[in-house]
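Derivation of every value follows stated rules applied to the coordinates shown; laboratory data play no part. Keep in mind the model is a prediction, meaning the values are calculated, not measured. Cβ placement follows ideal geometry from the backbone for every residue including glycine, while neighbour counts extend to all protein chains displayed.
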Amino acid sequence: MQATVASTTLTGVEAAPVEVQADVSTGLPVFGIVGLPDTAVQEARDRVRASLRAAGFDFPNARVIVNLAPAPLRKHGTGFDLPIALAILCATGQIPAGALQDVTAVGELGLDGSVRQVPGMIAHALSASREDRDLLGPSDASGLLGVVPGLRFRAISSIASVRAGLPQYRSACISAPTSDRVHQVDLSDISGHASAKRALEIAAAGGHHVLLIGPPGSGKTMLARAMCSILPGLTDTERLETALVHSVAGLDTSAVLEGQRPFRAPHHSCSTAGLVGGGSPPRPGEISLAHNGVLFLDELPEFGPASLQALRQPLEEGVVTLVRAFGTVRYPARVTVIAAMNPCPCGYSGDPVRPCTCTAGAVSRYTGRIGGPLYDRMDVCIRVDRVDPGAILDGTATGEESTVARDRVIAARQTADVCHRGALRSMLTPGARGLLEAAARTMNLSGRAVTRVVRVGRTIASLDSASSIEESHVSEALGLRSWEPS
Ligand SMILES: [Zn+2]
């Protein structure tokens, strides 16, 4: 007897349909799985056999061959346990043939017959929904599958329950995004740093990458952490995209499903694969886990040259492309980068109190490590100095709360959408243009640097609800380019 059950396997953040075919025939008792399975799929044999027996079904004392089609596609993970078990039950007549016709089944089996989640449940659900099929999957996934539009979900907690027929539909639901989101750091938690906070607000409004330069202990990390609190909450589409990546990586998706933008802060010793994705089976890297959120790169020059090089393409294209022997894998990677660094190896170059002990050569070697092309992507570069302790003790150095700044960011983004649709250069007023030309000569700005100043100037204009870029906007934008690597 033969039976077929539909399932899916992950390729990047997508799940591709796979047919699980079981053939049970008389002969020496064997249980084989063919069709390019990885080790985890091969181990399904033990889990399927044990769970069927635990659930009170018969495991056939016969020749059992399971084929996963299409054969050229590599099959990953433990999600094939459930469809393999169901195909065997169908092929041996223990559940009615045809019961699984419109169903895509994904789930890992415990030895006791329980059905468990696997990484990428959202991707599997999207694939089932695209094929207009019901998803039969673990009950505890219903909390995250509400994010998938139009999904018909049949929840199953134990393989034993299919004896009484397939489970009924369960409405997968998630909590609505909360408006008063709790962030780790609020702007009002940070004393002083008025100009740095303003720079973050500009970056948030325009989606610019930021480079913070300052001595150790000046509060660069706190400022980076506060960035998420002034960005607007995730839209429904962004929520789905980001939850999808986190689900594929096997991470908790609850914060993302509540609308929080991800904040990822990989250590500089992180491998290139850890940063941009890789491995076998491929896994998304930190830059993709930060998709639609903030990627914080502290101690930027300490990252390996290969890692910094690997960041360039995803920052340009918003997507990571990994070429593998069995095909190309893509992960989304649209992020706001906040990078931080000391101004020199000792950290105190330009500090008003502590003297710098570095030679000029050591400083230029240090800052040279980040490289021109990456530096060119940092639209906003500012110096962050330590806050005067007196001001902290007086309590005069705290500022407004993040929600106030976030409202301005949201309004600026709306202004940009409505008013700033024309060519960038045509938005400059004659006065602003004259100022920029003069500054470009005296500051010796490159063509690319001039474009960046205009781009940031446009964002500042949008914060000002202005439809053209005026002198004051250019002058503030020039101030956000006050540091150049030597
Ligand atoms: Zn120094």
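Below are the figures for this structure:
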read-out: Coordinate range along principal axes, alpha carbons of segment 203-244, Å, largest first; value: 39, 20, 15
read-out: Ranked list, fewest to most other Cβ atoms within 10 Å of each Cβ, for HIS76, HIS193; value: HIS76, HIS193
read-out: Amide proton proximity set for VAL18, modelled H, under 5 Å, gap of 5+; value: SER7, THR8, THR9
read-out: Cα-based radius of gyration of segment 420-486 once divided by 2.2 N^0.38 Å, which approximates compact folds; value: 1.03
read-out: Gap separating the Cα centres of segment 310-368 and segment 1-66, nearest whole Å; value: 47
read-out: Placed amide H near PHE296: partners under 5 Å, 5+ positions off or other chain; value: ARG264, ALA265, ILE338
read-out: Helix-only mean residue ellipticity at 222 nm for the chain, each DSSP H run of n ≥ 4 adding -39500 (n - 2.57), per residue, nearest 500; value: -10500 deg cm²/dmol
read-out: Residues with amide H under 5 Å from that of ARG383, placed H, sequence gap 5 or more; value: ILE213
read-out: In Å, descending, principal axis extents of the Cα set of segment 187-401; value: 58, 42, 25
read-out: Segment GLN313-ALA325, extension gain: residue separation times 0.36 nm, minus the distance between their alpha carbons; value: 2.3 nm
read-out: Rg [Å, one decimal], Dmax [Å, integer] - segment 1-153, C-alpha atoms; value: 14.4, 47
read-out: J(HN,Hα) series, segment 21-37, from Karplus relation 6.51 cos²θ - 1.76 cosθ + 1.60, nearest Hz, glycine and proline x; value: 10, 10, 10, 10, 9, 6, x, 4, x, 9, 9, x, 10, 10, x, 6, x
read-out: Backbone HN-Hα couplings from phi across segment 3-18 [Karplus 6.51/-1.76/1.60, Hz, Gly and Pro as x]; value: 8, 10, 10, 7, 8, 9, 9, 7, 10, x, 9, 9, 10, 9, x, 9
read-out: Segment 410-486: trypsin sites (Lys or Arg not before Pro) in DSSP coil with no more than 14 other Cβ atoms inside 10 Å; value: ARG421
read-out: The chain: translational diffusion in µm²/s, Stokes-Einstein, Kirkwood Rh over Cα pairs, 20 °C, 1.002 mPa s; value: 85
read-out: Relative contact order, percent, the chain [alpha-carbon distance under 8 Å, six or more residues apart]; value: 13
read-out: Contour excess over end-to-end distance, with Cα ends at ARG53 and THR39 and 0.36 nm allotted per residue; value: 2.8 nm
read-out: Two-site label geometry, SER467 and ASP388: point separation in nm, points 7 Å out along Cα→Cβ; value: 4.3
read-out: Segment THR429-LEU251, extension gain: residue separation times 0.36 nm, minus the distance between their alpha carbons; value: 59.2 nm
